[in-house]
1. Of the conditions (1) in contact with a Leu (Cβ under 7 Å, 6 or more places away or on another chain); (2) among the aromatic types (Phe, Trp, Tyr); (3) farther than 21 Å from Ala9 by Cα, Phe41 fails just one. Which one is it?
2. Among the candidates Asp78, Asp95, Asp136, Asp99, which residue alone is closer than 28 Å to Leu15 by Cβ, at pLDDT below 95 and either touching a Cys at 6+ places or on another chain (Cβ under 8 Å) or acidic (Asp, Glu) (or both)?
3. What are the residues in the stretch 38-89 that are hydroxyl-bearing (Ser, Thr, Tyr) and out of contact with any helix residue (DSSP H, G or I) (no Cβ under 8 Å at 6 or more places or on another chain), if any?
4. I'd like to check something: does the stretch 109-130 contain any residue that is in a helix (DSSP H, G or I), touching a helix residue (DSSP H, G or I) at 6+ places or on another chain (Cβ under 8 Å), in contact (Cβ under 8 Å) with a residue 60 or more places away in the chain and over 28 Å from Asp34 (Cα atoms)?
5. Would you please name the residue that is surrounded by the most Cβ atoms within 10 Å (Cβ to Cβ), looking only at residues in the stretch 47-82 that are closer than 26 Å to Glu103 by Cβ and basic (Lys, Arg)?
6. Would you confirm, using the coordinates I've provided, whether Asp160 is under 18 Å from the mean Cα position of the chain (by Cα), in a helix (DSSP H, G or I) and on the phi < 0 side of the Ramachandran plot?
7. Name the single residue, out of those in the stretch 92-108 being more than 19 Å from Gly38 (Cα to Cα) and part of a loop (DSSP other than H, G, I, E, B), that is nearest to the chain's Cα centre (by Cα).
Amino acid sequence: MTAKYVFHAGEATVLAAEGQFTDAMPEILIGRTDGPVGHAFASMMSQSKGHTAMFAIRACNQMVRPATLIVPKVTLRDGANIDLYGGVVQSATADAVLDCVIEGVIPKSMVDELCIISLVWIDPQAAKDPKLDKKDMYRTNYEATKIAIRRALAHEPSIDELIANRHKIRHDMDDWS
């Protein structure tokens, strides 16, 4: 095993279609199963009320490789949000991980030696929206997960980019400066 895959972190945001509450903002950790990410992965297998961790599966009996644990960033308080998390988001995450293997972003030879933790966000308004577009929710979570994985493994943004943009880019929610 190579030290290259000890600890990689990445994130991405993909915005919803107009009028939807389907923004996706996964925060990803990728690393070896015998390293710090693997230890965190195993520790997160215990359940916490409202923050149920689930494996990313494509369908029943089709757990994705590398093993991927998805954990909600917000408390899931009702069955409708849990169904979105354990359905659309779970599937989008699994498909994104598998496609990263197919595309060579994640080396196929490493899939049983790596694990992924994906912290996911579901807007609490999504499940209440009678016009919820589950295809858009799939799209945003799929695209954002792929971007986050690519960024994690490429160490993006680089420290030079961050320094260069320090006074040019503000947080999207920045209304305090």
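1. (3)
2. On the way: Asp95 fails: at pLDDT below 95; Asp136 fails: at pLDDT below 95; Asp99 fails: at pLDDT below 95.
Just a single option satisfies the conditions, and that option is Asp78.
3. Pass one, the stretch 38-89, residues hydroxyl-bearing (Ser, Thr, Tyr): 43, 46, 48, 52, 68, 75, 85.
Of everything in the stretch 38-89, those that are hydroxyl-bearing (Ser, Thr, Tyr) and out of contact with any helix residue (DSSP H, G or I) (no Cβ under 8 Å at 6 or more places or on another chain) turn out to be Ser43, Ser46, Ser48, Thr75, Tyr85.
4. Step one: of the stretch 109-130, the residues in a helix (DSSP H, G or I) are 109-110, 126-128.
Cutting the leftovers down to touching a helix residue (DSSP H, G or I) at 6+ places or on another chain (Cβ under 8 Å) gives us 110, 126-128.
After this cut, where a residue has to be in contact (Cβ under 8 Å) with a residue 60 or more places away in the chain as well, the list is 110, 126.
Filter once more, keeping what is over 28 Å from Asp34 (Cα atoms): 126.
The answer is yes; a qualifying residue exists.
5. Per the criteria, the residue is Arg65.
6. Details: under 18 Å from the mean Cα position of the chain (by Cα): no; in a helix (DSSP H, G or I): yes; on the phi < 0 side of the Ramachandran plot: yes.
Against the criterion (under 18 Å from the mean Cα position of the chain (by Cα), in a helix (DSSP H, G or I) and on the phi < 0 side of the Ramachandran plot), Asp160 does not qualify.
7. Val105
The values are calculated or read from the model by the stated rules, or taken from the named source; none is laboratory data. Worth saying up front: this structure is predicted, and the values here are computed from it rather than measured. Because the Cβ atoms are built from the backbone with ideal geometry, glycine has one as well, and the counts that use them run over all protein chains shown.
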